[in-house]
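Note sheet for the following structure.
The values are calculated or read from the model by the stated rules, or taken from the named source; none is laboratory data. Everything quoted here is computed from the prediction, not taken from an experiment. Neighbour counts are summed over all protein chains in view; Cβ atoms, including those assigned to glycine, are modelled from backbone coordinates with ideal geometry. Calculation scope for accessible area: heavy atoms of the full protein, side chains included, ligands and nucleic acids excluded. Shrake-Rupley method; radii C 1.70, N 1.55, O 1.52, S 1.80 Å.
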Amino acid sequence: MITVLFVAFAAILVVSSLLVILHRNPLTSALFLVLAFCSLAAIYLLLHAEFIGLVQVVVYAGAIMVLFLFVIMYLNLGHDVESGVTLALRRGLGWLLGAVLVAEGALLITGRLAPGPATPQALTAAAAAAPGNTQQVGLLLYSRYLFPFEITSIILLVAMIGAIVIARGLREPAPAEAPAGSAPVTAAAPEEAPGEDA
Amino acid sequence: MIAFFQDPTVQIAFWGLVKIVVILFVMLGIVAYLTFFERKIAGHIQSRPGPNLVGPWGLFQPFADILKLFLKEEFIPARANKILFHIAPILAVTPALTSFAVVPIGPNFIVTDVNVGLLVFLAMSSLGVYALALAGWSSNNKYALLGGLRSAAQMISYELALGLSTIGVILLAGSLSLVDIVHAQSGTLPFGPLALPRWFVFTQPVAFVIFLICAFAETNRAPFDLPEGESELVGGFHTEYSSMKWAMFFLGEYMNMLTISSITVTLFLGGWNGPWLPESLQFLWFFGKLFALIFLFMWVRWTFPRLRYDQLMAFGWKVLLPIALLNVLATGAAVYWVGNR
Amino acid sequence: MIPLSWLLLLSAVLFCIGVVGVLVRRNAIVIFMSIELMLNASNLAFVAFSRHLNSLDGQVFVFFVMTVAAAEVAVGLAIIVNLFRLRETVFVDEINLLKG
Amino acid sequence: MNGAPLLWLIPALPLAAVLINLLLGDRLGRRGAGWLACGAVGLSFAWSVLSVLRLAALPEAQRAVVESVYTWMRVGDLSVDVSFLLDPLSAVMILVVTGVGFLIHVYSTGYMSHEPDVRRFFLYLNLFMFAMLTLVLADNFLLMFVGWEGVGLCSYLLIGFWYERPAAAAAGKKAFIVNRIGDFGFLLGMFTLFAWTGTLQFQRMFEVAPQLFPAGGIVITVATLLLFLGATGKSAQLPLYVWLPDAMEGPTPVSALIHAATMVTAGVYMVARTHVLFQLAPVSLEVVAWVGAATALFAATIGLAQNDIKRVLAYSTVSQLGYMFMACGVGAFTAGIFHLMTHAFFKALLFLGAGSVIHAMSGEQDMRRMGGLAARLPWTHGAMLMATLAIAGIPPFAGFFSKDEILASAFFSGHPAIWVMGLAGAVLTAFYMFRLYLLTFRGRPRLTHEAEHHLHESPPAMIVPLFVLAVLSVLGGLVGPPLQEGGHPFARWLAPVFASGAHEGGHAAAHEIPVATEWMLIGLSVLVAAAGIAFAFRAYLWSPETATRLRERLSGVHRALLNKYWVDELYEWTVVRPVYHTAQAFWRFWDTKVVDGIVNGVGVTLEGVSAVLRLFQTGFVGTYALLFTLGVVALLLHFLRP
C-alpha cells in the first residue's frame, strides 16, 4: 500500500517538476511546482516525517510559492519568447548534461549503495512509541542544533531587511532631518576626535 | 478478493472513506443552510424578514438558490486563462474540506487523529490563498487581479498572527494533536468559586482574541472583506465568475468559516467538552459551540464597517503580530515557571 | 517500506531536473524555481537518510534548508523585481552587466 | 568559597551603566546621565562593602575568594578564566576605588554641570570604573592586563575629553604613548613568567615560583624588572613620569580619580600583588626602592616652582607614588598599600578642592592670580587645609601615619640613603604644599576683576564629597597607628596576603623595631614637616620678599625647576626626534618604494592576467551554469571509475 502510494506520488512529483521546467508560462510553472512540493510533502509523510512534511506545505506551498506567484503576477509575465541558435545549442547541451548526470547518479546509487541495507532499520521502541517526531525535532533543534538555529534566525532577519531594502528600489535619500535645535557640538562624534590629529 | 478486504490498511482506508463521506455530506448540508441563516440574521439585524417565501419560514430557500445557480448561464471572459479559471473555484473549497479530516467532532468521532493535526490545519489554510489569487489572475480583469493580490497579501499577513496565537495553546497542551488539545481542556480550573471550565479561552484570552480576529481575516469576512470590497473592486476576485463556479466560491467561503470556527472551538472552547451529556452525545456540545461562533461571525459581518486596506495591513503587522509574539513569550515564561516550581 | 535507493534515485532525478531547468531556461524566475527543486531534492535525500539511519538529524537539516531557502527566495525575488524595474526584463541572458 | 558570591557584580554595575548610557543616548538627559553613573558606582560601592564584610567574616587563613565567571580561552595548555579574586589586598583596593570613585562621581555632577557633553564624560568615567575594578579584582595576569589597558584607554579618552583644545589632545596622546612603553614591559614580563611557569593565574604562579626560580635568579630578575617597567609607566615613575603632569589638561574630577587616587596606583598595586615574585629578586626590589626614592625627591623639587595649582598637585602625586614604590622596594608592602589608601583620600581631596577653587575662579588655574580665598570659600578652604596637613605629614592626619611607616621601614631595612632621600622629600612636600595653600587661600587677593566678580562657593554636590574626603583624610590614618604590638590593624588585615613572603626577608615587620628609635624617627619626621611648613609660612605669608630673594639668588636652579629640568625637551631630542626621522627615512624608502612597489606590482600583474581571464567572464549566467554542470559531471565520472 505504502509502496503504491509512494510510486504514485513520485510519479506526480517527477512529472510536475518536469512540467515546471518545460512549460512556457512561468505562472503555470509555479503552480506545477506547488503540486510538486505537495507531493513531496506526501512522500515525507510516507517516510514518517510528519513535521517536515507539513512544514514543507506551510513554508514552500504556503509562503514561498505564494511569493513567486505574487512576483509573477506583479511583473505580469506572459509566455516566454525563446528562440535563437545559441539558445538552442545551450538547450541541447543542457538536456544532454542533465541526462548524463541522472545516469551517473543512478549508477552511483545502484552501484555503490547496493551492498548496504536496502530497507530502513527498524524503528527503535522509543521512537515508535513517541507521540510524534515534532517534539523530538524540536528537542534536537533546541539542544544540539541550538547555535545553527540561532544563526538561521539571524539569516532570516538579514534576509527580511535585505529584501525590504532591495525591493524599495532606488529612491532619493530623504533630506537629513536635523532639527534646528540640536547643537552641532554634540553632533561631532567624540570617538573620532582623537584620530583627527593622530 | 477476501484477503484484500481483510488487509488492515484497506480496512482503515474503507472506514476512513465512510467517515469522510459522512462528514462531507453533513458539512455541505450545514454550509447550504449557513447561507440561509446568514440572510435571516442579516434580515433581523436590518429589521426586515429575510427569505420567507420558499417553504415554511423560507426553509427551502437554499435549494432554490442552488437550482437557480445551476441553471444560470456560465460565462467565461474571452482572454481569461481557461484552465486556471476552472481550477480556482475547486481550490477554494478543497483545503477547507481537507482540514475537516483532523477536527475532532466528538470522542471517537474524527476522520483521523494525526499527531500534527494543528499543522495540517495551518498548512491547509495557507493553501487557501491560491484560489483567490489564481481566480483574480486568470480572470484577466484588473479589479479581479487587485482583489486577488489583496487577498493573498491579507491572508499571508494574518496567517502569521494566526499561527503564533495557536502556539500558546500548544505550549499549554503540550501537543499538536487536536484530540490531545481537546483532552487537555477537560475538567475545571482550580481556582475561584465559579469553577470555570479548563478551556483555553480562559487561560489564553489574548490568543483567543487574536485567533478570532485572524479568523475573520483568513475567511475574508467583514470587517476584513477587502478582496471583494464592492465599493472599490466591484466583486473582487470573483467579478468574472458566474453560475456554479461563483457558487463554489461562496461554498468555499462558508466552508472556510465552518472550518475555522470548528478549529476555534477545538483550540479554545474545549471542543466537545461539556457537562450533562453522555459521551456518545457530547458532539452536540461541539455543534452548539460551533453554531454560537458562526452566529458571532454573521453578527460581526452585519455590524462592523469594512477597514481601509492600509489599516488592515498595519493592524495585522503592527498590532496583532507583536501582541501574539508577546503572548507566546509570556506563556512560555509561565509554563517554564510552573514547570520549574 | 520504501527502499533507500528508490528515494535516492528520486532525489537524483529531481535534482537533475532542477539542473536542466537552470541550464535551459532563461527566465530568472523559472531558474529560481529550478533551484528550489534542487534544494528539495537534497531535502528528500536528507529525509530518506534520516529514515534510513533512524536519526532525526537529517530532518533538522531539512528544517535549516527550508529556512535558508525562504531567506534566499525573499532576497532573490526582491532582486528580480528590482531588475525588472530597471531593465524591463527577467531574462538572464539580457542581464549580463554588473552595472544597471 | 562562598564568602562573597557575585563578585562580578562589582565591575559589572559600572559596565551596565556604560551600556545603558550608550543605548539610551541623549534620551537620558544631563541629569539622567549623572544619576545613572553615580547610582551604578554607588551600588558597586555598596556591593563592595558587603563583599568585604563577608570576607572579613571568614577565618583569616581563608580570606581569598576566587570566583570564576567563565572560561575566557582555552588554547593548548593555556587556560584563562575570567575570574575575580577577593583577598584583603584587593578588598582595600575595591573599597578605595569604588568609595573615592563614588564621591568623585557625585562631585562631577556638580563640577561638570556647565559642560555640554556631560553624557560622554560619565560614559568614560564609568568605563574607567569598570576597567579599574577589573584590574584590581583580576585573579590572573591576562585579565589584569585587560583592566590595565582599559584604564589606559579611559585615561586617554578623559585627558582628551576637551578634544577641541590642542593641548588636551596632545596630552592624551602623550599619556597613551608613554603608557604603551610601560605596557610593552608589562607584556614582556607577563610572557616571560608564562613561559617559565606555564600559568597566568596569580595564586598558582606564586605557588610554583619559589620552586622554579632560585632567589636572585636572572629570569625572575628580568621578569620583575619588566613588570616594574610597566608599573613605572602606569604609576608615573622615573623615567616615564612625563605624561602625568600633562594629564592635568583633563577635567579636574578626572585628575582626582584617575591621575591621583586610583589608576596611577595600579602600578603599586601590581607590584604588591606580585610581591612574591619581587621578593625572589632582590635586585629588582632594590631598583624599585631607588627609583621610588629618586622619583619622590625629583618630583618634589619640580613641585616647588610650579605655578599652576593642578601641576603642583600632579608633581606631588608623582612624588607620593615614589614613596609607595620606595615602601615596596624596601619590602614594606603593607606600608605602600597603606600610603596608597591614605594618599587616595587626601590627594583626591586636594584635587577636588583645587577643582572647587578653579570652579569658583571660573577656570583660573594660576596660583599667582589667586590668594585670600579662605574667607570666600570657607568649606573648600577647610577641606584643603585638612588635606594639606595630611600630605605634609602632621599627626594625627592620615598622611603622617603612612609616610612615617614608609620612612621607618626604609630606615630599619638598612637603606639609610633612601631614608634620607625620603626625609628630604618630606621637607619639600611640606614646603610646596603649604606654598600652594598659602598662595591660594591666604595673603592678599590677586584676582582678576572678572574672577573676583564671579567668585562663588561650590554647590552642595561638590562640597559634600569634599567633606567626606576631609573626614577620611583626618581619620583615615588611625587604622594604622605606629608602635602597635604585633602590627597595627591595617597590617593585620593585610597580613594574609603579605605573610607568605615576608618571613624570608625578615625586615619591614614593625614589631621588631626598638621602640626608642622609632619614637625618635617619628619625632624627626614631624620636626622636618614642621620645618617645611614654617619655611613656607615665612616665605609666602610673613615676609614674601624672602621668596623673591631666594628666587633671584638661585635663578639658575629656579629656571631648571620651572622648566621641569628640561626633561620633556630631552626626551624630544633623544627619543621623539630620532624615531620620527628614522620613520621618515623608512617611509621615503621602504614604504613608497618597496611596499608600494610590491602592492602596485601585484595590481599590475593582476590587471594583465585578468585582461585574459575576462574573456571567460561573459556575464551570461547560462554559460556559467553550463560550465559548472560540466565540472560536476566530470567529477562524478571520476568517482565512477571502477
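Let me know the mean shielding of C:49-59 by other chains, meaning the per-residue number of their Cβ atoms within 10 Å of its Cβ.
Per residue, the average neighbour count from other chains is 6.
Relative to the longest principal axis of the C-alpha atoms of chain C, give the angle of the C-alpha long axis of helix C:57-87, reported between 0 and 90° and rounded to the nearest 10°.
10
Can you tell me the orientation of helix D:282-305 relative to chain D, as the angle in degrees between its alpha-carbon axis and the longest Cα principal axis, to the nearest 10?
Roughly 60 degrees between the two axes.
For region B:1-96, run through the trypsin sites (Lys or Arg not before Pro) and keep only the ones in DSSP coil with at most 14 other Cβ atoms within 10 Å of their Cβ.
Sparse-neighbourhood loop trypsin sites (Lys or Arg not before Pro): B:Lys72, B:Arg79.
To test your reading of the geometry: what angle, between 0 and 90 degrees and rounded to tens, separates the Cα axis of helix D:621-640 from the longest principal axis of chain D?
The angle comes out at about 80 degrees.
Consider just the alpha-carbon atoms of chain D and return their Rg together with their Dmax, both in angstrom.
Cα-based Rg and Dmax for chain D come out at 28.1, 111 Å.
Around B:Ser125, what is the net charge, scoring Lys/Arg as +1 and Asp/Glu as -1 over all other residues with Cβ under 9 Å from its Cβ?
Value of the local net charge: -2.
For region D:397-465, which trypsin sites (Lys or Arg not before Pro) are both in a DSSP coil and crowded by at most 15 other Cβ atoms within 10 Å?
When the trypsin sites (Lys or Arg not before Pro) of region D:397-465 are filtered for loop state and at most 15 Cβ neighbours within 10 Å, D:Arg446 remain.
When a/c is below 1.5 the answer is rounded, else prolate if a/b is larger than b/c, else oblate, so apply that to region D:521-563 with a ≥ b ≥ c taken from the square roots of the Cα gyration tensor eigenvalues.
oblate
Which FRET efficiency value, to the nearest 0.05, is calculated for D:Leu524 and D:Val579 with the Förster distance at 35 angstrom and r the Cβ-Cβ distance?
In this case the efficiency is close to 0.15.
What ranking of A:Arg91, B:Arg48 comes out by heavy-atom accessible area, probe 1.4 Å, highest first?
Greatest to least solvent exposure: B:Arg48, A:Arg91.
222 nm [θ] for chain C, helices only, -39500 (n - 2.57) per DSSP H run of 4+, per residue, to 500?
Only helices count here, giving -28000 deg cm²/dmol.
Taking the inverse of the average 1/r across all pairs of different Cα atoms in chain B, what Kirkwood radius in Å do you get?
21.4
I'd like the carbon and sulfur percentage of the solvent accessible area for the protein assembly as shown, probe radius 1.4 Å, heavy atoms only, ligands and nucleic acids excluded.
Whole-percent figure for carbon plus sulfur exposure: 71.
At 4 °C and a viscosity of 1.567 mPa s, what translational diffusion coefficient does Stokes-Einstein give for the protein assembly as shown, taking Rh as the Kirkwood radius over Cα pairs? Give it in µm²/s as a whole number.
The diffusion coefficient I find is 34 µm²/s.
Set the Förster radius R0 to 60 Å, insert the Cβ-Cβ distance between B:Phe14 and A:Leu96 as r into 1/(1 + (r/R0)^6), and round the FRET efficiency to 0.05.
0.80
In 10 Å bins starting at zero, report the fraction of Cα pairs in region B:30-81 per bin as a rounded %.
Calculated over all Cα pairs of region B:30-81, the distribution is 23, 39, 22, 13, 2 percent.
Roughly how many Å is it from the Cα centre of region D:225-278 to that of region C:32-69, as a whole number?
Cα centres, region D:225-278 to region C:32-69: 61 Å.
At q = 0.10, 0.16, 0.17 Å⁻¹, what log₁₀ I(q)/I(0) does region B:161-277 have when each alpha carbon counts as one equal point scatterer in the Debye sum?
Treating every Cα as an identical point scatterer, log10 I(q)/I(0) equals -0.41, -0.80, -0.85.
Does region A:7-79 classify as rounded, prolate or oblate by the C-alpha gyration tensor (a ≥ b ≥ c root eigenvalues; a/c under 1.5 gives rounded; else a/b over b/c gives prolate, otherwise oblate)?
oblate
Ranked from highest to lowest mean number of other Cβ atoms within 10 Å per residue, what is the order of the peptides D:285-291, D:542-548, D:467-473, A:95-101?
D:467-473, D:285-291, A:95-101, D:542-548
Any idea of D:Leu561's accessible area? Nearest 10 Å², probe 1.4 Å.
20
Chains A and C: buried accessible surface, both sides, probe 1.4 Å, rounded to 100 Å²?
6900
For region B:270-310, which chymotrypsin sites (Phe, Trp or Tyr not before Pro) are both in a DSSP coil and crowded by at most 16 other Cβ atoms within 10 Å?
B:Trp276, B:Trp302
Provide the three semi-axes, in whole Å and in decreasing order, of the ellipsoid equivalent to region B:231-333 as defined by the square roots of 5 times the Cα gyration tensor eigenvalues.
With the √(5λ) rule applied to region B:231-333, the semi-axes are 30, 25, 12 Å.
Assuming R0 = 45 Å, what is the FRET efficiency of A:Leu156 and D:Gln203, from their Cβ-Cβ distance, to the nearest 0.05?
Efficiency, rounded to the nearest 0.05: 0.45.
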